[in-house]
Amino acid sequence: MTNQGCPLETSHCSHALIFLASLFLLLLSACSVAPVHNALPEEVADQVTVSGFSKDIRFWADELPANSETLVMKRLEDYRQANQDYYTKFHTYPPLHYLAISGGAYDGAFGAGFLYGWSKTGARPDFEIVTGVSTGALIAPLVFIGPQYDEIVKKLFTSTNSDAIFMTSVWNVLDGVTGGLAISDSTPLANKIEEVITPHIMAEIAREHQKGKRLFIGTTNIEAQRGMIWDIGAIATSGNPKALSLIHQVLLASASIPGAFLPVFIDVEAGGKHYSEIHVDGGVTSQVFIYPLKLRRSVIDQFAMSHLERYLYIIRNSKIEPEYKILQPGFFGLTRRSLETLTKYHGLGDLYRIYLGSQRDGIDYNLTYIPASFKAESTELFDPVYMKKLFKVGYKLSQKPDIWIKKPPGLDYLPETDTP
């Protein structure tokens, strides 16, 4: 009986298939062309500016710029002047409210639902600082400019499916594993960001920035192995015709999971020469942040002397408690589970660091996260059915009277037990 279709159990045919597959992958690798990257030399990394913009549109996530004390003093003075009538009436200044929204991919539906519900209670404050990473970077600009944009946030996190975020095919995967930059094409996500962050939205961000409020988005400069914080309001008020395009780039970079999505190449210059930086998901360096914890003593003292009450609210778009899950052993299953676990504990570490910083700086710490009781599972990377359920969980949680946790889990004393 003759072999039909060269069955794999035929050893000669198997060897031929392996040879042809290896040859195909080798040829594909040779054809994979990465974008031209003129890397920035390390010795000029602190002198660099984004082409056409001033240096004040961004700073490293692990330290404030050298003139931070002067900037803080000016902002505090501007705040006192802007609220002089309040002080005359109450003999104190109104408190400052900060909001930090974490990464979490499709689990951003929790934060979206929580913020939507918080607005409905009428208790959601006007935030002086809003920060976002990854999926949080997509929520933060709309929260920053006000609750009137909550419906856009709701739609974004209850009706978006995977096709609206990325495209993938066997060609994308093969390209990614043979010398390319990613296993999928994030053009749909880039288009979605452009659809949501319009010139009108940028103008609204600029308006809030001019009131003294700040919108910070985190990315990771992967070559420097450092987080970068972008002052989106400073970009919006720069007057540069490329401002909106740069904002789009920053938001895309903040949500670009390395290897899964393409990185974002940002044009920079130093010493009259042009280079490019590679920026990826801000969650690589911080799952959530509020400001660099490496502060000069003088900056901390400026806030202490101002006697302003400050409140920090953190929305962690993830569960924090460990979850038991039976696996079928395999490369993809083990890899995915390992990355989920790594991200969980990386995010938990961020919560501890921020807590320590808030205690040092006299800031009231408030945390919320996805409850362990939520057991639904997503059937795809962005599953609208799953996200609608999670949106409702966030909404319902925001309606409870005691919605905030005052410290990260694990910091309470264990109950005493009898010694045998």
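The values are calculated or read from the model by the stated rules, or taken from the named source; none is laboratory data. Worth saying up front: this structure is predicted, and the values here are computed from it rather than measured. Glycine gets a Cβ as well: all are built from the backbone with ideal geometry, and neighbour counts include every protein chain shown. With ligands, DNA and RNA removed, areas are computed over all heavy atoms of the protein, side chains included. Shrake-Rupley method; radii C 1.70, N 1.55, O 1.52, S 1.80 Å.
If each residue of separation counts as 0.36 nm, what is the full-extension length gain between Lys400 and Ala66 once their alpha-carbon separation is subtracted?
116.0 nm
Between Thr379 and Lys89, what's the calculated FRET efficiency when r is the beta-carbon distance and R0 is 51 Å? Round to 0.05. Provide the component values of the computation, followed by the final result.
Values: r = 55 Å, r/R0 = 1.07.
Efficiency computed from Cβ-Cβ geometry: 0.40.
Whenever you get a sec, compute what percent of the accessible area on the range 259-330 sits on carbon and sulfur atoms (1.4 Å probe).
Carbon and sulfur together cover 56 percent of it.
How far is helix 331-361 tilted off the main Cα axis of the chain, in degrees rounded to 10, range 0 to 90?
Here the helix axis deviates by roughly 10 degrees.
So how do 332-341, 65-74, 138-147, 314-323 stack up, highest first, on mean other-Cβ count within 10 Å?
138-147, 314-323, 65-74, 332-341
If you consider only alpha-carbon coordinates, what radius of gyration and Dmax does the chain have, in Å?
Expressed in Å, the Cα Rg and Dmax of the chain come to 24.0, 99.
To the nearest 20 Debye, how big is the dipole of the chain about its Cα centre, given +1 on the beta carbon of each Lys and Arg and -1 on that of each Asp and Glu? If you can, show how the numbers build up before the last one.
Numbers: 38 positive and 44 negative charges, 189 e Å.
Dipole size: approximately 900 debye.
Over the chain, give the accessible area per residue in Å² for a 1.4 Å probe, as an integer.
Values: 22280 Å² over 420 residues.
With all protein chains present, the chain gives 53 Å² per residue.
Quick one: which of 379-387, 97-105 comes out on top by average Cβ neighbours within 10 Å, and what's the full order, highest first?
Descending packing order for the listed peptides: 97-105, 379-387.
Just how many pairs of Lys in the range 264-397 have C-alpha atoms closer than 19 Å, counting pairs that are eight or more places apart or on different chains?
So the count works out to 14.
Would you mind calculating the gained length between His37 and Thr198 on full extension (0.36 nm times residue separation, minus the Cα-Cα distance), in nm to one decimal?
Between His37 and Thr198, full extension yields 55.1 nm more.
Using only Cα atoms, tell me the angle between helix 187-196 and the longest principal axis of the chain; keep it within 0 to 90° and round to the nearest 10.
The angle comes out near 30 degrees.
Nearest 10 degrees is fine. How inclined is helix 108-121 to the longest principal axis of the chain, computing both from alpha carbons?
With both axes taken from Cα atoms, the answer is about 30 degrees.
Got a sec? Which residues in the range 259-289 would a label at Lys242 touch, if it sits 7 Å along Cα→Cβ and we count backbone N under 14 Å?
Residues passing the 14 Å test: 265-270, 272-277.
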